[in-house]
Amino acid sequence: MLSSPMQNNDSMAESSLYSYSRQQNYDKDSLWDKLNLSQQYAVCSLGQFGYLLTYVRSVGASTLAILKLDNKIATINEAGVINVNPAIDCRM
């Protein structure tokens, strides 16, 4: 999650967070640790079909897990709801 100083800043701070997070290469364990239990369960469910956890994005207090399988993208929100047709663009 975001640290408390970042949560109090405006959208300019969020945009700098996005660029900062894109520059880092997280290993799978650190991505896994950013997920709650519902998201971890959903990641395991999609993993049975070959999806791989690729990104975890935090915006405010929300966390979104992004998984990829070939040219397919799936997302998992904090409630563990899987969306296999998200309206997002990811660099492949």
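The values are calculated or read from the model by the stated rules, or taken from the named source; none is laboratory data. Keep in mind it's a predicted model, so treat the numbers as computed, not measured. Glycine also receives a Cβ, built like all others from the backbone with ideal geometry; neighbour counts cover every protein chain displayed.
In table form, for the structure just shown:
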| read-out | value |
| --- | --- |
| Qualifying residue in region 50-60 (condition: over 12 Å from the mean Cα position of the chain (by Cα), surrounded by fewer than 12 Cβ atoms within 10 Å (Cβ to Cβ) and at pLDDT 95 or above) | yes |
| Number of positions in region 22-38 that are at pLDDT below 95, polar (S, T, N, Q) and surrounded by 11 or more Cβ atoms within 10 Å (Cβ to Cβ) | 2 |
| Scan of region 65-92 for residues that are surrounded by fewer than 13 Cβ atoms within 10 Å (Cβ to Cβ) and acidic (Asp, Glu), ordered by number | 70, 89 |
